[in-house]
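Student: Mind looking over this structure? Questions follow.
The values are calculated or read from the model by the stated rules, or taken from the named source; none is laboratory data. For clarity, every value in this text was computed on a predicted model and none was experimentally measured. Cβ coordinates were reconstructed from backbone atoms using ideal geometry, including for glycine residues, and neighbour counts include every protein chain displayed. The accessibility values were calculated without ligands, DNA or RNA, using every heavy atom of the protein model including side chains. Shrake-Rupley method; radii C 1.70, N 1.55, O 1.52, S 1.80 Å.
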Amino acid sequence: NVPEEQADKLLLASWDLPKAVLEKYHSLGVVQMFEWQAECLMLGQVLEGKNLIYSAPTSAGKTLVAELLILKRVLETRKKALLILPFVSVAKEKKCYLQ
């Protein structure tokens, strides 16, 4: 569980994301994460590029964790990222969404 003193980490606004990114998530109704999502982002050195393996049921919110990790790394390092998705339809959807 997320310690009480880090409860603000559940809010997307506390992750130093650009205003445009926060506005996009907010327009989709995403203002905060589940505890397990914040825990993933706070594990070890995952935000510094270390590996993370996590498992959750379909529609549990795995994609949000991946998107936040990718966005933070791209914005902070100014490097490109490669996002591999299983279906063309999902890839097209994410392309539009992330633009």
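Student: In the full protein assembly as shown, how much of residue 40 is accessible to a 1.4 Å probe, in Å² to the nearest 10?
Tutor: Taking all protein chains as shown, residue 40 has close to 10 Å².
Student: Okay, next question. Add -39500 (n - 2.57) for each DSSP H run of 4 or more in the chain, then divide by its residues: what number comes out at 222 nm, to the nearest 500 deg cm²/dmol?
Tutor: Estimated from H runs of four or more residues: -13500 deg cm²/dmol.
Student: I've got another one for you. Above 20 angstrom, tally the Cα pairs of region 4-98 and express them as a % of all pairs, no decimals.
Tutor: So the pairs more than 20 Å apart make up 38 percent of the total in region 4-98.
Student: Going by amide H atoms built from the backbone, whose H comes under 5 Å of the H on residue 11, apart from near neighbours?
Tutor: It is 33, by chain and number.
Student: Full-extension gain between residue 88 and residue 51, please, as 0.36 nm times their residue separation minus the C-alpha to C-alpha distance.
Tutor: 10.8 nm
Student: Among 79-85, 16-22, 65-71, how do they line up by average Cβ neighbours within 10 Å per residue, starting with the highest?
Tutor: 65-71, 16-22, 79-85
Student: Compute the distance in nm between two label points, each set 7 Å from the Cα along the Cα-to-Cβ direction, one at residue 98 and one at residue 35.
Tutor: With each label point 7 Å from Cα toward Cβ, the separation is 3.1 nm.
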